[in-house]
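Report on one structure; see the data block that follows.
The values are calculated or read from the model by the stated rules, or taken from the named source; none is laboratory data. Keep in mind the model is a prediction, meaning the values are calculated, not measured. When we count neighbours, we look across all protein chains shown, and the Cβ atoms used for this are built from the backbone with ideal geometry, even at glycine.
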Amino acid sequence: MRFPMNGASEEDVLGELEDKTGEDLTFDSGKILGSMCTYPHPFAVEVVMRYIDRNLGDPGLHVGSQRIEKEAVDMLASLLGLEKGYGHIVSGGTEANILAVRAMRNLAGVEKPELILPESAHFSFIKAAEMLGVKLVWARLNDDYTVNVKEVEERIGDNTIGIVGIAGTTGLGVVDDIPSLSDLALDYGLPLHVDAAFGGFVIPFAKALGYNIPDFDFRLKGVKSITIDPHKMGMVPIPAGGIIFREKKFLESISILAPYLAGGKIWQATITGTRPGANALAVWAMIKHLGFEGYKEIVKEKMELARWFAGELKMIPGVYLIREPVLNIVSFGSKKLEELEKELKARGWGISAHRGYIRIVVMPHVKRKHLEEFLRDLREITAT
Ligand code: 0PR
């Protein structure tokens, strides 16, 4: 498509957009079952629209917004068991993980940095490793898909800059044995980064509801940084990720001087320079609006729905659960996985097919009636 010489009317342009986005699946259709995103909360949408012009890349201009970002970071830190945290609202889990690896690398100061991480880690760590010149040392998983802590220990060497544990894995929503990883990190004087991009907005509430899930946050002393994404279960519009560090030195180790901005000499740690203030404000607003109890209600409903769905799946011949769900993610396999996946997609289902299984994420937009429809299709396909 060429850059147009003359402009068209807003109406025409919008008409064309409507046409073209007609191909998109929408969250309100109930067909998106494999995504970690959801339709954002209407209040968060309102906040983003109202403050759409705020740029946290030049905090001297938007002093109030910068203060609000700090308060949002403080509230996330407190949710994660830390009185005072250091960090940022960033573009997502990828940027948060890159920043965490960058801090570990910079603080370690070794020549050939190595990072130990579970085989279940998100591919954002591969990007981080490539960009930062860090070698990834993979640790295998146990039968329950948590990382094998003994193997993590065996992988520790002179060049190790840190360890990664996952609280809510991408494929299965499994929570690693973070308490043991934390002990290990303390024993060896290494930082532990916890990727709770998904789990961060689920686990604290699920634990309060009585679900038996391992501790995963700053209450464990070995945990030095946590990724927690408001644009997943936090119901904030994309982009909204979160990186929280226990100590200031982590943030300082990745801060670059921007000498000429409105606020004078500014130290900038994020990958992005110009970055949306509106989304950070929406994080703040959603936390204030829903509060712990509000998020707990959402998590309660989705955890229960996920367990009901897992029970229904078990009764369908030809498909099997990969493991009992830990969070609101249910993954199942089948002997004829590829055919099944193709047929489900042909019927309009937005599912996420991983190596060996199909992942269903029971996000806030996913209702029981959608899952019932999905199960009907699944029964029909597997019966033929
Ligand atoms: N860490 C974990 C544990 C993740 O699951 C993800 C993303 C990330 C980090 C990276 O987060 P960002 O994508 O925000 O940078 N997990 C989802 C996935 O790969 C992302 C996603 C979201 C995929 C919506 C599909 C989708 O429709 O499955």
Filter region 111-134 down to the residues that are among the charged types (D, E, K, R) and within 14 Å of the ligand (Cβ to nearest atom), then identify the one that is nearest to Val152 (Cα to Cα). Glu119
With respect to Ile316, is the statement that it is in a strand (DSSP E or B) and either closer than 23 Å to Ala167 by Cβ or among the hydrophobic types (A, V, I, L, M, F, W, C) (or both) true? no
With criteria (1) exposed (fewer than 14 other Cβ atoms within 10 Å of the Cβ); (2) in a helix (DSSP H, G or I); (3) of a type in the set (D, E, K, R), Glu324 comes up short on (2)
Against the definition (more than 16 Å from the ligand (Cβ to nearest atom) and either surrounded by fewer than 23 Cβ atoms within 10 Å (Cβ to Cβ) or in a helix (DSSP H, G or I) (or both)), how does Glu83 come out, yes or no? yes
Of the criteria (1) among the β-branched types (Val, Ile, Thr); (2) crowded, with 20+ Cβ neighbours inside 10 Å; (3) within 16 Å of the ligand (Cβ to nearest atom), which one Ile213 fails: (2)
Could you check, for region 243-251, whether at least one of its residues is crowded, with 24+ Cβ neighbours inside 10 Å, more than 18 Å from the chain's Cα centre (by Cα) and either modelled with pLDDT of 95 or more or within 16 Å of the ligand (Cβ to nearest atom) (or both)? yes
Residues that are of a type in the set (D, E, K, R), surrounded by 24 or more Cβ atoms within 10 Å (Cβ to Cβ) and in contact (Cβ under 8 Å) with a residue 40 or more places away in the chain, at least 2 per element: which helices (runs of 4 or more DSSP H) completely within region 88-181 meet that? none
Out of all the residues in region 339-360, is one or more closer than 23 Å to His122 by Cα, surrounded by 17 or more Cβ atoms within 10 Å (Cβ to Cβ), among the charged types (D, E, K, R) and touching a Ser or Thr at 6+ places or on another chain (Cβ under 7 Å)? yes
Within the set of pairs 6 or more residues apart or between chains, which connect a residue that is over 11 Å from Asn106 (Cα atoms) inside region 239-263 to a residue that is of a type in the set (Lys, Arg) with Cβ atoms less than 6 Å apart? Arg246/Lys224; Pro259/Lys265
Kindly indicate which of Thr170, Thr160 is among the polar types (S, T, N, Q) and within 16 Å of the ligand (Cβ to nearest atom). Thr170
Test Gly92 against the criterion of being within 16 Å of the ligand (Cβ to nearest atom) and on the phi > 0 side of the Ramachandran plot, and give yes or no. yes
Is there any pair linking a residue in region 8-32 that is loosely packed, with under 10 Cβ neighbours inside 10 Å and modelled with pLDDT of 95 or more to one that is assigned to a loop (DSSP other than H, G, I, E, B) and of a type in the set (S, T, N, Q), with Cβ under 9 Å and at least six apart or on different chains, and which? none
